[in-house]
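The values are calculated or read from the model by the stated rules, or taken from the named source; none is laboratory data. In this text the structure is predicted, and so the values were computed from the model without any measurement. For neighbour counting, all protein chains shown are included, and Cβ atoms are generated from backbone atoms with ideal geometry for every residue, glycine included. Heavy atoms of the whole protein, side chains included, go into the accessibility calculation; ligands, DNA and RNA do not. Shrake-Rupley method; radii C 1.70, N 1.55, O 1.52, S 1.80 Å.
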Amino acid sequence: MELSSLAADGQQAISYFDEAAGRDRILVVDDDAQLCQMFLDYFTRCGYEASAALDAAEALAAAQERSAEIVILDVMLGNDDGLEVLEKLKKAY
């Protein structure tokens, strides 16, 4: 595990990643499209492959399509229960 310090917009972020395994995919799950876009823009600038899902169905479909090493999940997903989504994602991985 290597510690990497990434600078973006004058701020410093600390990120752990396994360089040998190429683990750098992030899935953002939130019903706020604007917030998802902000996360996607930031993570992409930092060199990560990032995708977003706006609801439980999209999150589960994304997990089936391709797994992520990191999931940022809103536990209050509008009509969906984020904790139930978390349990389903854990089973999918």
Next on the checklist: Looking for something open to solvent by less than 60 Å² (accessible area, probe 1.4 Å), modelled with pLDDT under 95 and within 12 Å of the chain's Cα centre (by Cα) - is there at least one such residue anywhere in the stretch 54-62?
Outcome noted: yes
Item to check | Hey, Ala33 crowded, with 17+ Cβ neighbours inside 10 Å and either at pLDDT below 95 or in contact with a Leu (Cβ under 7 Å, 6 or more places away or on another chain) (or both) or not | outcome: no
